Amino acid sequence: MFDPSRRPAITVIGLRKSFSQHTVLNGIALHVAAGTVFSLLGPNGAGKTTAVNNFTTVIRADAGQVLGTKDIRPASSQVAGWQQT
């Protein structure tokens, strides 16, 4: 249940991600309060890994906001073979 009085661990607003013409995430919104346990469940191909990769800044969303995270991607010059998506 959403409790606005608890500091969020992460808040996602309107997250959208497509690969070519295939929309994988379309308007995801969630709020996870600090100190809570959260799980993301769904069938194969539902976009769980894409969502988590967006939440953790491994890949960038096409639209929307992810609040409460910091960009964990290194500068491309610091990692051999790193390709920004």
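Just so you know, all these numbers are worked out from the coordinates, no wet-lab data involved. Worth saying up front: this structure is predicted, and the values here are computed from it rather than measured. With ideal geometry, Cβ positions are generated from the backbone for all residues, glycine too; neighbour counts draw on all protein chains shown.
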Within the stretch 8-78: Cβ-based charge dipole about Cα centre, in debye rounded to nearest 20 (Lys, Arg +1; Asp, Glu -1):
60 debye
If R₀ is 35 angstrom, what is the calculated FRET efficiency for the pair L67 and A46, using the beta carbon separation as r and rounding to 0.05?
0.95
In Å, the Kirkwood hydrodynamic radius of the stretch 8-78 over pairs of distinct alpha carbons?
12.9 Å
Give the long-range amide H neighbours of R60: residues separated by 5 or more places, or on another chain, with amide H under 5 Å away, using H modelled in the peptide plane at 1.01 Å from N.
T85
